[in-house]
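Novice: The following block contains the structure, expressed as structure tokens.
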Amino acid sequence: MKKILITMSLILGVVSAHANTSITGTVESRCEVVTDISGYFGNPNAYTLTTLPASNGQIPQIRITSTLANAYKALVSYPTSFSSSPSLSNSVAFTGTVAIASASSSDMSGYAAASTVTNNGAMRTYYLTHAGTIYVTVASTAIHGGNKAFPGGQYVAVAEASCIAQ
Amino acid sequence: MYRSVILLLLLCGSALAHDMRPTYPSWQISHIPDVKVARMELFNKRADVEWYEIGVFDVNFKPLPFVSRYSVLKIPYLTQVKFDVYVTEANSIGAEYICSISKLQASEDNRPLVSSKICSRFK
């Protein structure tokens, strides 16, 4: 009788151990903005500063990763003014382009066509409708008005990359 | 050799990132009457940035008044900081976004720097 009771309790113990096992998990969206390549200006002539490699500049590249589809939109803009510079006598004309250099999935091939432009063309909005990564380049050029030479000194311009939850 | 190459790739891949969670926060009741609180986390993987400014905005990105420990947080490289954002109950209705914006220091070179901004949205 004792043996039967011990055997029964062991079997019940094993059964109850299996019955209480559960696995839970949550999926949380997040967006990451990464500066893959820090850009810098080249100075091909006295009145131009440009990130173009042909003029000894470096185009910055930003990596934007969204882990969940349709959770974020990415806004990237090229600079439209210097954040710091020597005193300038003339106005400065900024031009630039924001473009997707590559993407982690072929599903994202429609991002460029679906993107919208605001802020007089300086800011481009990409709707991150798929989970994954896009690599965005931000080229910019600054020309001193009247083709006057830029005074010597330090020039800093800031490109902006934003991830806004939708 | 392989190990050093992999380590280099990992360091390059995560050296300059900025992320904030949760994506969709919610206002909670705080210990202060008529004041709501949202709890956020900010992780700094940008080696070139140590300071992040916090802001609360309405649907048109108009800034709204809020209180936090600091409006500009010092977050050392590879550090995660949890912070609370307090707004009045009236402002919590119109608040749409909490954003963190990297604060850049002047560079010594003629570099166009990259500013990053991440906004979470109340739904």
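The values are calculated or read from the model by the stated rules, or taken from the named source; none is laboratory data. This structure is a prediction, so every number in the text was calculated from the model and none was measured. Please note: Cβ atoms are built from the backbone with ideal geometry, for glycine as well, and neighbour counts cover all protein chains shown.
Novice: Can you go through A:Thr137, A:Thr95 and tell me which one is surrounded by 17 or more Cβ atoms within 10 Å (Cβ to Cβ) and either of a type outside the set (Phe, Trp, Tyr) or closer than 21 Å to A:Tyr40 by Cα (or both)?
Specialist: Being surrounded by 17 or more Cβ atoms within 10 Å (Cβ to Cβ) and either of a type outside the set (Phe, Trp, Tyr) or closer than 21 Å to A:Tyr40 by Cα (or both) holds for just one of A:Thr137, A:Thr95, which is A:Thr137.
Novice: Can you name the strands (runs of 3 or more DSSP E) wholly within the stretch A:63-166 that have at least 1 residues being away from chain B (no Cβ under 11 Å), free of Cβ contacts under 8 Å to residues at least 60 places away in the same chain and among the aliphatic types (A, V, I, L, M)?
Specialist: Passing ranges, in order: A:92-103, A:116-118, A:123-128.
Novice: In the stretch B:75-123, which strands (runs of 3 or more DSSP E) lie fully inside it and hold 1 or more residues that are at the interface with chain A (Cβ under 8 Å from one of its Cβ atoms) and at pLDDT 95 or above?
Specialist: Of the strands (runs of 3 or more DSSP E) lying wholly inside the stretch B:75-123, those with at least 1 residues that are at the interface with chain A (Cβ under 8 Å from one of its Cβ atoms) and at pLDDT 95 or above span B:97-103, B:112-121.
Novice: Within the stretch B:39-52, can one find any residue that is without any contact (Cβ under 8 Å) to a residue 60 or more places away in the chain, among the hydroxyl-bearing types (Ser, Thr, Tyr) and either within 17 Å of B:Ala90 (Cα to Cα) or within 11 Å of chain A (Cβ to nearest Cβ) (or both)?
Specialist: Checked the stretch B:39-52: no residue is without any contact (Cβ under 8 Å) to a residue 60 or more places away in the chain, among the hydroxyl-bearing types (Ser, Thr, Tyr) and either within 17 Å of B:Ala90 (Cα to Cα) or within 11 Å of chain A (Cβ to nearest Cβ) (or both).
Novice: Could you check the stretch B:38-74 and list, in sequence order, the residues that are in a strand (DSSP E or B) and of a type in the set (Ser, Thr, Tyr)?
Specialist: Within the stretch B:38-74, B:Tyr52, B:Ser68 qualify.
Novice: Could you check, for the stretch A:41-62, whether at least one of its residues is out of contact with any Phe, Trp or Tyr (no Cβ under 7 Å at 6 or more places or on another chain), surrounded by 19 or more Cβ atoms within 10 Å (Cβ to Cβ) and closer than 28 Å to B:Arg21 by Cα?
Specialist: yes
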